[in-house]
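**Q** Take a look at this one; I'll ask things after.
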Amino acid sequence: MAKLTLGAEKFFVFAHNTSSGRLVFAKRNSSKRQKFHLYPSEGCSRLRVSCSIKEKENVKEETDKFDEVLTGLRVDEPGSVSGFDSESGQVRGTEEVGRASYWPPWKNIPQRYKLIGTTSLAFVICNMDKVNLSVAIIPMSHRFGWNSSVAGLVQSSFFWGYALSQLPGGWLAKIFGGRKVLQTGVLIWSLATALLPLLAGFMPGLVLSRVLVGIGEGVSPSAATDLIARSIPLEERSRAVSFVFGGLSFGSVAGLLLAPPIIENLGWESVFYIFGLLGIAWFSGFKILQEGETSNGATLAPRSNYINMKKSLSASLEEMGESLKDVPWKAIFRSKAVWAMIYAHFCGSWGHYTCLSWLPTYFSEELSLNLTEAAWVSILPPLASVLVTSIAAQFADNLIATGVETTMGITNTVGAVPGIVGVALTGYLLDSTHSWSMSLFAPSIFFYLTGTIVWLAFASSKPQNFSTRD
């Protein structure tokens, strides 16, 4: 078989270009020779380098756009897209992008932490609006000529609404969700606080405004508990509860510190206007946070934990009623441990609420301290509470469990009773006996001691199995 050999010399003619020093070759069968350069010309080299740089620019631009999407930056903002500078060979705009990715400071904080932070802030404002009257009651009594009995009635009216809204707050949180209930509660108590100076000269209106403050704040504990249970992982809930409810003690401290200088410089009316506007500002900020979650598609808890919002209100109420029927109420109230817990809560609340309401007046009238000095001494109990709460959080792993809303609702309702009875009774006894020892300190000492004894004697840390009881 004949072999066919193909060689380069059959098709090309080789030549050496002396001017450029490059080896060139051309097709034989072409009437118009086409030259092929083994080494590219300088123009070709520049073209290739330019194309390579352009390709790097495109790749870098696409990478920057992708990174900006991940960091939440808008790629259509001027100066936000960094590119490759062909003259300097450097990437442009990386410092601006780096700074923008960390601004605002809370941008990259996990959503659940933002939620817990704003809820704790709501509780700070909550107690600021609770204690502001404890300081303002002194100039208000002088202005309107109130005796101690009337002052006690005004201060106790807050707890009327607070006690009435405890259990309904838990039910509403189950139906509508803790977020909506908390938002509504903050708006109610903030508006009522801001309107109080306008109603101060009309006793029924003044009492009604404080009742509304109590109702708004009364739904907050159950709403916050529901919100935490739905939004926070189980292993973080005890710390979340401690942080949120620790805002109450911090709010008492902040309110007692801020109220005196505001009253002394701007008048007693201004403390209600300013504190009320703080709550309204929180309401607006929380709405913005919630809208941000919706736009980012954030989900904070499994959908199975949420109440189906498509259900009608009547269906939700029927479902809640059925669940309440399943609660072994008789077994619960036959338990000595439950009664020990209720009584201890009652006793602790008596001393807490009466001292919180009357200590500034005692220091001002009995010890002749000015408002600022009286407030500084009055902050010691809530300040100690802040420290104890932060330590106790490490041992609160089982705080949120089955039935926690019902238990908290019952004990908080009973715990609000001393605010109604104790605060008003202190004013009445003060007018009758003219003795702070008999009207304020002796009852508080009695309830603190008996509450401790009953708790140590009958309380139990063991889980109570109510399902086995008749």
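**Q** As a quick test, which of the pairs K130/K174; K130/K180; K180/K330; K130/K462; K174/K330 have an alpha carbon distance above 30 angstrom in this structure? Can you show the working numbers first?
**A** Working: K130/K174 26 Å; K130/K180 21 Å; K180/K330 32 Å; K130/K462 35 Å; K174/K330 23 Å.
Pairs exceeding the cut-off: K180/K330; K130/K462.
**Q** Related question: Expressed as a rounded percentage, what relative contact order does segment 162-294 have, with Cα pairs under 8 Å and six or more residues apart? Present the calculation step by step, with values, prior to reporting the outcome.
**A** Working: 142 pairs, mean separation 46.1, N = 133.
This gives 35 percent for segment 162-294.
**Q** Okay, next question. With θ set to phi - 60°, apply the Karplus curve 6.51 cos²θ - 1.76 cosθ + 1.60 along segment 227-233 and write out the HN-Hα couplings as whole Hz, x wherever there is a Gly or Pro.
**A** Going residue by residue, I get 4, 5, 4, 8, 10, 10, x Hz, with x marking Gly and Pro.
Here, each number is a calculation from the coordinates, and none is a lab measurement. As the structure is a prediction and not an experimental result, all values here were calculated from the model.
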